[in-house]
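The values are calculated or read from the model by the stated rules, or taken from the named source; none is laboratory data. As the structure is a computational prediction, the values presented were derived from the model and not from experiment. Cβ: placed from backbone, ideal geometry, glycine included. Neighbour counts: every protein chain shown. Side chains included, ligands, DNA and RNA excluded: accessible areas come from the protein's heavy atoms. Shrake-Rupley method; radii C 1.70, N 1.55, O 1.52, S 1.80 Å.
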Amino acid sequence: GESVGLHLPTLSVQEGDNSIINCAYSNSASDYFIWYKQESGKGPQFIIDIRSNMDKRQGQRVTVLLNKTVKHLSLQIAATQPGDSAVYFCAENSGSGAGSYQLTFGKGTKLSVIP
Amino acid sequence: NAGVTQTPKFQVLKTGQSMTLQCAQDMNHNSMYWYRQDPGMGLRLIYYSASEGTTDKGEVPNGYNVSRLNKREFSLRLESAAPSQTSVYFCASTGSSSYNSPLHFGNGTRLTVT
């Protein structure tokens, strides 16, 4: 079946370095992707999204790259800070047809920032 | 502006007991969702409501019922709780299910069934 997965379950990064979190998706029909950050004891928090007609989108300190050829999504965090420590999820819209919108979530990557 | 508010934050039930998880959003969103999060399983969709007056099953609806009380509120009911329903439950909302927009999540209800 279709699934969203992550290459690395854990990632440790030195404070100030850049972080790259990867995600593989298998539904070639997915047209919308989101990255979420989840801190301990809290709900997922929206970081950045990208539609399938784009291959790159930038936010504040974050960049999402989409490679549809290999069905790969990545989140880059510049100058990683201790406050970036969290679990990061990618999600894809696996719904089909107008009015159908269902996100399928990956299992998450835990980012640990070393001071 | 509180966003998505869930109550209670924690709950312990005995097998067979019932309870209702409450969710309210103040963003005037049309669509609301209930997910459960289990270790190693990611977030899985239980039920959703694309608009006021409609509800639909998600990936794991068995053992649950929902009510879209009005545009703001979407509740999840466990009629007869089972240990397999021990999980963290998240409510989420978005402006519309007709176009791509991110879900906004509450901070969850942590449920333990003994």
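The rows are residues; the columns are (1) open to solvent by 10 Å² or more (accessible area, probe 1.4 Å); (2) modelled with pLDDT under 95; (3) farther than 20 Å from A:ALA29 by Cα; (4) aromatic (Phe, Trp, Tyr).
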| residue | (1), (2), (3), (4) |
| --- | --- |
| A:GLY41 | yes, yes, yes, no |
| A:ASN53 | yes, yes, no, no |
| A:ASN67 | yes, no, no, no |
| A:SER85 | yes, no, yes, no |
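Pairs needed: first member in the range B:96-108, at the interface with chain A (Cβ under 7 Å from one of its Cβ atoms); second member anywhere, open to solvent by 70 Å² or more (accessible area, probe 1.4 Å) and modelled with pLDDT under 75; C-beta distance under 8 Å; at least 6 residues apart or different chains.
B:SER98/A:ALA98
Would you check if B:ALA82 is farther than 23 Å from A:ASN93 by Cβ and surrounded by 15 or more Cβ atoms within 10 Å (Cβ to Cβ)? Don't jump to the end; show me each part of the working.
Working: farther than 23 Å from A:ASN93 by Cβ: yes; surrounded by 15 or more Cβ atoms within 10 Å (Cβ to Cβ): no.
So B:ALA82 fails the test.
Taking interchain pairs and intrachain pairs at least six residues apart, which have beta carbon atoms under 6 angstrom, with the first residue in the range B:2-29 and without any contact (Cβ under 8 Å) to a residue 60 or more places away in the chain and the second of a type in the set (Ser, Thr, Tyr)?
B:THR20/B:SER75; B:GLN22/B:THR7; B:GLN22/B:SER75; B:ALA24/B:THR5
If we scan the range B:36-50, do we find a residue that is surrounded by fewer than 17 Cβ atoms within 10 Å (Cβ to Cβ) and more than 14 Å from every other protein chain (Cβ to nearest Cβ)?
So the first thing to find is which residues in the range B:36-50 are surrounded by fewer than 17 Cβ atoms within 10 Å (Cβ to Cβ), and the list is B:38-41, B:44.
Okay, now just the ones that are also more than 14 Å from every other protein chain (Cβ to nearest Cβ), so none.
No - not one qualifying residue is present in the range B:36-50.
Can you say whether B:LEU13 is more than 12 Å from the chain's Cα centre (by Cα), more than 24 Å from A:GLN38 (Cα to Cα) and open to solvent by 60 Å² or more (accessible area, probe 1.4 Å), as far as the supplied structure shows? Can you show your working first?
Values: more than 12 Å from the chain's Cα centre (by Cα): yes; more than 24 Å from A:GLN38 (Cα to Cα): yes; open to solvent by 60 Å² or more (accessible area, probe 1.4 Å): no.
So B:LEU13 fails the test.
What is the number of the single condition among (1) open to solvent by 60 Å² or more (accessible area, probe 1.4 Å); (2) assigned to a strand (DSSP E or B); (3) among the small types (Gly, Ala, Ser) that B:GLY53 does not meet?
That leaves (2) as the condition not met.
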